[in-house]
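Notes for the one structure printed next.
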Amino acid sequence: MILMALSDRLERVNPSEIRKLFDLAQGVEGLISLGIGEPDFDTPEHIKEYAKEALDKGLTHYSPNVGILELREAIAEKLKRDNNIDADPKTQIMITVGANQIILMGLATFLKDNDEVLIPSPMFVSYAPAVLLAGGKPIEVPTYEENEFRLSVDELRKYVTPKTKALIINSPNNPTGAVLTKKDLEEIADFAVEHDLVILSDEVYEYFIYNEAKHYSIASLNGMFDRVITINGFSKTFAMTGWRLGFVVAREDMIEKMTRFQMYNATCPVTFIQYATAKALRDKRSWEAVEEMRKEYDRRRKMVWKRLNEMGLPTVRPKGAFYIFPRIRDTGLTSKEFSELMIKEARVALVPGSAFGKAGEGYVRISYATAYEKLEEAMDRIEKVLKERKLV
């Protein structure tokens, strides 16, 4: 067996298409960016005050590699209350430097060279590179507009092989805004048991759900906890992207291995931020702020969905997160050509669907985590270019 060095694996990982697009957008005067997946809200004031309080208390030293117990206990309370997951804060929860690193660390706990990992496509840009870096082989499983981009077990069956060891799911989804139903998750859970798969469940957008949709954690389903690595964090929930704080929930042996990984990588997350977040989780003002953000995202979502459909870009109504994924295939342009045209002529930055995998071609991603008035202006500009170019 030939072992591949990490430096060799890095050669197989390409820079994000999103970054390339942002480079093109640099210097475009009056550009409206609908590209970045980041809340435009500031972190709630009381959370910032908790961080200052922690600094004044001198919480500027290393924390345990696994994170401070106070925060793990607050997360355990939240998991029980909101996710129906009963996790031991001492052995089954770990605090991380953002949620992104959990994908690689989680895969590293069990994946062997050339093991296959199923990933629903369109997919978040970090999944496939993390699989490659962990020594595995990413296998894209397409999802379809006709099924609101929800993953189906029928499709999974076409791609599973004896080499398949894991499945990554993301609900609410980036880039499509799709939300898996309880029935979807039950069928996926049965499939995972049948094929003895580990599931990595990315739930960072769990609180941004609209209309009749509801978030369910697959780890809460009967007998599933031991085969699920639940990925989550505070970047989206509390508008704390720059604070870089995430958490992972898994069985004890996996948490122990991920703690070792973190020990020799980041050492630990920032101590005073952990303290502030522990306090924030138990403060009702934090959840009031989340609901205010959710309501505003919903207002934007409705407007953008209506405008896109009216201008001739057929668009599935997203049920979660803060992204929308209009179909641009009928314009005759590739998603990259469409995105470049919108930067140059509409001065609006979108992300080509091809950045999110093969099934993303023919679509673009729009983030509506941008002020309502800017979104309206962006829609006007896009519509104007479409009409002038006779693309719809």
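The values are calculated or read from the model by the stated rules, or taken from the named source; none is laboratory data. If you're wondering where the values come from, they're calculated on a predicted model, not measured in any experiment. So basically every Cβ, Gly included, is an ideal-geometry build from the backbone, and we count neighbours across all protein chains shown.
Being modelled with pLDDT under 95, out of contact with any strand residue (DSSP E or B) (no Cβ under 7 Å at 6 or more places or on another chain) and either in a strand (DSSP E or B) or more than 19 Å from S121 (Cβ to Cβ) (or both) is true for just one of K302, K306, K344. Which residue is that? Among K302, K306, K344, only K344 is modelled with pLDDT under 95, out of contact with any strand residue (DSSP E or B) (no Cβ under 7 Å at 6 or more places or on another chain) and either in a strand (DSSP E or B) or more than 19 Å from S121 (Cβ to Cβ) (or both). Annotation note: Cβ proximity below 6 Å between a residue of region 284-310 that is within 13 Å of A239 (Cβ to Cβ) and in contact (Cβ under 8 Å) with a residue 40 or more places away in the chain and a residue that is of a type in the set (A, V, I, L, M) and not in a helix (DSSP H, G or I) (sequence gap 6+ or interchain) occurs for no pair.
I'd like to verify a number: residues in region 204-235 that are among the polar types (S, T, N, Q) and in contact with a Gly (Cβ under 7 Å, 6 or more places away or on another chain), how many? Lay out the reasoning, then the answer.
Let us first name the residues in region 204-235 that are among the polar types (S, T, N, Q), namely 211, 217, 220, 222, 230, 232, 235.
Checking which are in contact with a Gly (Cβ under 7 Å, 6 or more places away or on another chain) leaves us with 232, 235.
Result for region 204-235: 2.
For region 331-343, the count of residues that are small (G, A, S), surrounded by fewer than 18 Cβ atoms within 10 Å (Cβ to Cβ), assigned by TED's automatic domain parsing to the domain that holds G312 and within 18 Å of R307 (Cβ to Cβ) is zero. Look at E212 and say whether it is at pLDDT below 95 and farther than 27 Å from E45 by Cα. So E212 fits the description; yes.
Selection of first residues in region 368-392 that are surrounded by fewer than 18 Cβ atoms within 10 Å (Cβ to Cβ) and of second residues that are assigned to a loop (DSSP other than H, G, I, E, B), restricted to Cβ pairs under 6 Å at least 6 apart or on distinct chains, gives the following pairs, ordered by first then second residue: V392/G312. All told, G27 falls short of being touching a strand residue (DSSP E or B) at 6+ places or on another chain (Cβ under 8 Å), farther than 29 Å from V249 by Cβ and either assigned by TED's automatic domain parsing to the domain that holds N232 or in a loop (DSSP other than H, G, I, E, B) (or both). When V193, V198, V179 are checked against the criterion of being among the β-branched types (V, I, T) and touching a Pro at 6+ places or on another chain (Cβ under 6 Å), a single residue qualifies: V179.
Every residue, every condition in (1) in contact with a strand residue (DSSP E or B) (Cβ under 8 Å, 6 or more places away or on another chain); (2) surrounded by 24 or more Cβ atoms within 10 Å (Cβ to Cβ); (3) acidic (D, E); (4) assigned to a loop (DSSP other than H, G, I, E, B), yes or no:
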site	(1), (2), (3), (4)
V193	no, no, no, no
N211	no, no, no, yes
H215	yes, no, no, yes
T230	yes, yes, no, no
S235	yes, no, no, yes
F238	no, yes, no, yes
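Filter region 367-392 for residues that are in a helix (DSSP H, G or I), of a type in the set (A, V, I, L, M) and under 25 Å from the mean Cα position of the chain (by Cα); which is nearest to F41 (Cα to Cα)? The selected residue is L375.
Have a look at L34, L55 and point out the one that is in contact with a Phe, Trp or Tyr (Cβ under 8 Å, 6 or more places away or on another chain) and closer than 17 Å to I366 by Cα. Don't jump to the end; show me each part of the working.
Numbers: L55 fails: closer than 17 Å to I366 by Cα.
After ruling out the rest, the residue left standing is L34.
Provide a single number: the residues in region 245-287 that are in contact with a strand residue (DSSP E or B) (Cβ under 7 Å, 6 or more places away or on another chain) and outside any helix (DSSP H, G or I).
So the first thing to find is which residues in region 245-287 are in contact with a strand residue (DSSP E or B) (Cβ under 7 Å, 6 or more places away or on another chain), and the list is 245-250, 254-255, 258-259, 262, 269, 274.
Add one more test, that the residue is outside any helix (DSSP H, G or I), and what stays is 245-250, 269.
Final tally of qualifying residues: 7.
Can we say T109 is farther than 30 Å from P326 by Cβ and surrounded by fewer than 17 Cβ atoms within 10 Å (Cβ to Cβ)?
On the way: farther than 30 Å from P326 by Cβ: yes; surrounded by fewer than 17 Cβ atoms within 10 Å (Cβ to Cβ): no.
Criteria not met by T109.
Screening region 120-170 for residues that are more than 18 Å from I188 (Cβ to Cβ) and of a type in the set (D, E) and picking the one that is surrounded by the most Cβ atoms within 10 Å (Cβ to Cβ) gives E145.
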